[in-house]
Amino acid sequence: MLLDVLNFAGIAVFGASGAMVGVRKDFDMWGIITVGVLTGVGGGVLRDVLLGITPPTSVQGYGNALTAAIASLLVFQFHPAFTKLRRSILVLDAFGMGLFAASSASLAVEVGVSSFAAATVGLLTAIGGGVLRDVISNEVPLLLQPADLYAVPALLGATVVALGLHHTSLPQWVWLVVGSILATGLRLLGLKFKWRLPTARR
């Protein structure tokens, strides 16, 4: 139950972040919804393909796409002032990333893969939708921007979930919450304090 809730929450949040990019780019309603839906379900489709879940959940039923579409419509109708869009997108993206990293790693453990594979699936799911959003919108993906910690928080959150479920007897929901908070919190702290990984010397 909690896994389903986190999955839909992640889809809605990522869908909203994609729609807000569409608003900032002056897309029309169809373009905003399209970017929102692709952002919301893109990571989940990649996860299902990696785990051998075919057809992917987002293709087999309408629930995931509808969730992202509704979130996109809400953004289209009630988006904040344009000067605040950039910050809102980053905050929404941080929550979506954390939710997907934790929930996807947990699902991978349920399927029976190793801790390493589960952490990798959690990472790729967390970054997949955001990368797709940025590429479609002709933006440099947040994953590649040197001033931001992005993949590292996602990987840490997914790794904590994978190791916790494999090596402890604590309930699944505990690790889902811990992993989500860890990934999202590190991402938000990185934005606030401008943490960054070292770059190559010129």
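The values are calculated or read from the model by the stated rules, or taken from the named source; none is laboratory data. Fair warning: this is a prediction, and the values are worked out from it, not measured in the lab. We place every Cβ from the backbone using ideal geometry, glycine too, and count neighbours over all the protein chains shown. Ligands, DNA and RNA are excluded from the accessible area calculation, which covers all protein heavy atoms including side chains. Shrake-Rupley method; radii C 1.70, N 1.55, O 1.52, S 1.80 Å.
Considering the stretch 142-170 alone, what residues qualify as being over 20 Å from the mean Cα position of the chain (by Cα), not in a helix (DSSP H, G or I) and not small (Gly, Ala, Ser)?
Thr168, Leu170
Of the residues Leu182, Leu191, Leu143, Leu197, only one is closer than 19 Å to Val13 by Cα, modelled with pLDDT under 90 and open to solvent by 40 Å² or more (accessible area, probe 1.4 Å); which?
Numbers: Leu182 fails: modelled with pLDDT under 90; Leu191 fails: open to solvent by 40 Å² or more (accessible area, probe 1.4 Å); Leu197 fails: closer than 19 Å to Val13 by Cα.
Exactly one of Leu182, Leu191, Leu143, Leu197 is closer than 19 Å to Val13 by Cα, modelled with pLDDT under 90 and open to solvent by 40 Å² or more (accessible area, probe 1.4 Å), namely Leu143.
Evaluate the stretch 72-88: report whether one residue or more is more than 23 Å from Met29 (Cβ to Cβ) and either of a type in the set (Val, Ile, Thr) or open to solvent by less than 70 Å² (accessible area, probe 1.4 Å) (or both). Steps first, please.
Of the residues in the stretch 72-88, the ones more than 23 Å from Met29 (Cβ to Cβ) are 87.
If we keep only those that are either of a type in the set (Val, Ile, Thr) or open to solvent by less than 70 Å² (accessible area, probe 1.4 Å) (or both) too, we end up with none.
No; the residues of the stretch 72-88 include none that is more than 23 Å from Met29 (Cβ to Cβ) and either of a type in the set (Val, Ile, Thr) or open to solvent by less than 70 Å² (accessible area, probe 1.4 Å) (or both).
Suppose the filter is touching a His at 6+ places or on another chain (Cβ under 6 Å), over 11 Å from Val41 (Cβ atoms) and open to solvent by 10 Å² or more (accessible area, probe 1.4 Å); does Ser115 pass it? Give the derivation first.
Numbers: touching a His at 6+ places or on another chain (Cβ under 6 Å): yes; over 11 Å from Val41 (Cβ atoms): yes; open to solvent by 10 Å² or more (accessible area, probe 1.4 Å): yes.
Judged against the criteria, Ser115 is a match.
Which one of these does Ala105 not meet: (1) at pLDDT 90 or above; (2) open to solvent by 20 Å² or more (accessible area, probe 1.4 Å)?
Every condition holds for Ala105 apart from (2).
Quick grid of which residues meet (1) in contact (Cβ under 8 Å) with a residue 12 or more places away in the chain; (2) assigned to a helix (DSSP H, G or I):
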site: Val59; (1), (2): yes, yes
site: Phe76; (1), (2): yes, yes
site: Phe100; (1), (2): yes, yes
site: Ser103; (1), (2): yes, yes
site: Val113; (1), (2): yes, no
site: Val140; (1), (2): no, no
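Looking for whichever is open to solvent by less than 10 Å² (accessible area, probe 1.4 Å) and in contact (Cβ under 8 Å) with a residue 24 or more places away in the chain here; the options are Gly164, Gly130. Which one fits? Outline the logic, then answer.
Details: Gly164 fails: in contact (Cβ under 8 Å) with a residue 24 or more places away in the chain.
Of Gly164, Gly130, the one residue that is open to solvent by less than 10 Å² (accessible area, probe 1.4 Å) and in contact (Cβ under 8 Å) with a residue 24 or more places away in the chain is Gly130.
Here is a list of conditions, (1) in a helix (DSSP H, G or I); (2) open to solvent by less than 60 Å² (accessible area, probe 1.4 Å), and Ile53 meets all of them except one; can you say which number that is?
All conditions pass for Ile53, except number (1).
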